[in-house]
Amino acid sequence: SGAASAAGEGAEGPLPRISLDGKWIFYVQNNEKQAPTFRILRIPIEGGEPLEVTTLPEGSTISALDLSPVDGRIAYLARRQVNRALEITVTIIAANGRPIKTLPLPPTAWIGFIRWTPDGRSIAFNDNRDKSGDIWTIPVAGKSTPKRLTNFKTPVTRHFDWTQDGKQL
């Protein structure tokens, strides 16, 4: 589909995500004609013109995108250079693009993948502080302190998801 190719596949960019109601495909587009500008767009599943949801500030790049399994909020993992340091954040927005909250992630967070937890209360991400790629969560509401979810003894794949019933990772 046009959305899939616009968003990129695999290492080229975050894969598209389908809305809870099955009516929209959300994806990331990078306009490289000028300074790289990343946008989140949505397109009707039956085709049509894409609609812009949000545009990231100049110098920011999106490396992951996910939709809440509870209410359709969008979480995207962004990175940008700030005074020679890499700033990694997860931003939560409504499906219409209205900003809700930005969560800072530790500098050891892997910048390629995130998933909402099945209850829609936290964002799960890989952290490489122990060279294991353990999965950590950060709550969306309240205190945004990351919490370790797994304790792998050896490095594992960096992509993960929950079973449909949300009981297993």
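Hey, among Ser122, Ser132, Ser68, which residue is surrounded by 12 or more Cβ atoms within 10 Å (Cβ to Cβ) and over 30 Å from Lys23 (Cβ atoms)?
Ser132
From the set of residues in segment 79-88 that are open to solvent by 10 Å² or more (accessible area, probe 1.4 Å) and part of a strand (DSSP E or B), which is nearest to Leu105 (Cα to Cα)?
Narrowing segment 79-88 to residues open to solvent by 10 Å² or more (accessible area, probe 1.4 Å): 79-87.
Applying the additional criterion that residues be part of a strand (DSSP E or B) yields 79-82, 85-87.
On the way: Arg79: 10, Arg80: 12, Gln81: 14, Val82: 14, Ala85: 13, Leu86: 11, Glu87: 8 Å.
Residue satisfying both the conditions and the ranking: Glu87.
Can you report the number of residues in segment 81-99 which are more than 21 Å from Gly59 (Cβ to Cβ) and in contact with a Ser or Thr (Cβ under 8 Å, 6 or more places away or on another chain)?
Looking only at that region, the number is 1.
Do you know which residues across segment 89-103 are of a type in the set (A, V, I, L, M, F, W, C) and assigned to a strand (DSSP E or B)?
Val90, Ile92, Ile93, Ile100, Leu103
Just one of (1) touching a strand residue (DSSP E or B) at 6+ places or on another chain (Cβ under 6 Å); (2) without any contact (Cβ under 8 Å) to a residue 40 or more places away in the chain; (3) assigned to a loop (DSSP other than H, G, I, E, B) trips up Trp136, so point out which.
(3)
Identify the residue in segment 145-169 that is polar (S, T, N, Q) and open to solvent by 40 Å² or more (accessible area, probe 1.4 Å) and, among all such residues, is farthest from Asp66 (Cα to Cα).
Thr154
Can you tell me how many residues within segment 34-65 are surrounded by 19 or more Cβ atoms within 10 Å (Cβ to Cβ) and acidic (Asp, Glu)?
0
Is it the case that segment 90-102 has a residue that's open to solvent by 50 Å² or more (accessible area, probe 1.4 Å), hydrophobic (A, V, I, L, M, F, W, C) and either in contact with a helix residue (DSSP H, G or I) (Cβ under 7 Å, 6 or more places away or on another chain) or over 25 Å from Thr163 (Cα atoms) (or both)?
Looking through segment 90-102, at least one residue is open to solvent by 50 Å² or more (accessible area, probe 1.4 Å), hydrophobic (A, V, I, L, M, F, W, C) and either in contact with a helix residue (DSSP H, G or I) (Cβ under 7 Å, 6 or more places away or on another chain) or over 25 Å from Thr163 (Cα atoms) (or both).
Say whether the condition of being within 24 Å of Tyr27 (Cβ to Cβ) and in a loop (DSSP other than H, G, I, E, B) is met by at least one residue in segment 104-117.
Scanning segment 104-117 turns up at least one residue that is within 24 Å of Tyr27 (Cβ to Cβ) and in a loop (DSSP other than H, G, I, E, B).
The values are calculated or read from the model by the stated rules, or taken from the named source; none is laboratory data. None of these values were measured; they are calculated from a predicted model. Cβ sites come from the backbone with ideal geometry, for glycine too, and all protein chains shown count toward neighbours. In case anyone asks, the SASA skips ligands and DNA or RNA and just uses the protein heavy atoms, side chains included. Shrake-Rupley method; radii C 1.70, N 1.55, O 1.52, S 1.80 Å.
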